[in-house]
Amino acid sequence: MFINKHITIHILCAVYYVVGQQDKESKFGEIVKRTVIAAAHTCMDHVNATTKDLENLRNEPPYPETSACIVKCLLEKIGVVKSNRYSKMGFMTAVTPLVFTNKKKMEHMRTVSENCDKEVNHKHETPCQLGNEVTTCIFKYAPELHFKS
């Protein structure tokens, strides 16, 4: 399904695309992809999202509230958001298996993690605003992670 693929690519591209998995197939990449699709469905159900809410994710953040809730849920599932806060350790844990063989990418992701740790606003006007805050920051410092269809 296009939408499932899109949500996989767009929301968790920090996990899947950081090493160029879009250009090559791997068993690890396929496992990540299937896991992300399952998580996306769980998050959609959890926040009572519609197809339209997913379509909003094609745009740049900030996303409408329900779409931001999907993002936040997915970020929680991979550990980038913990206890309603951005986790730089969670971000590095998520990307390290994919970049540890490339020192330059590893350092870049470490810089992204540190910058977002300093910049993500944890004072939210709405329950899911953190989803917008984290994705905006990650895409700011790692635009290569923002894959749009």
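Please work out which one of (1) surrounded by 13 or more Cβ atoms within 10 Å (Cβ to Cβ); (2) modelled with pLDDT under 90 is the condition residue 1 fails and give its number.
(1)
Which of the residues spanning the range 98-109 are in a helix (DSSP H, G or I) and touching a residue at least 60 places away in the same chain (Cβ under 8 Å)?
Selection gives 98, 99, 105, 109.
If you take the residues in the range 52-86 that are among the basic types (Lys, Arg) and in a helix (DSSP H, G or I), which one is nearest to residue 35 (Cα to Cα)?
77
Can you name every residue in the range 116-140 that is buried (at least 17 other Cβ atoms within 10 Å of the Cβ) and touching a strand residue (DSSP E or B) at 6+ places or on another chain (Cβ under 9 Å)?
116, 120, 130, 131, 133, 134, 137
So how many residues does the range 110-141 have that are closer than 22 Å to residue 54 by Cα and not in a helix (DSSP H, G or I)?
The number of residues fulfilling the criteria is 5.
Residues in the range 7-20: is at least one among the β-branched types (Val, Ile, Thr) and modelled with pLDDT of 80 or more?
No, the range 7-20 has no match at all.
The values are calculated or read from the model by the stated rules, or taken from the named source; none is laboratory data. Keep in mind it's a predicted model, so treat the numbers as computed, not measured. Virtual Cβ from ideal backbone geometry, glycine too; neighbours counted across all protein chains shown.
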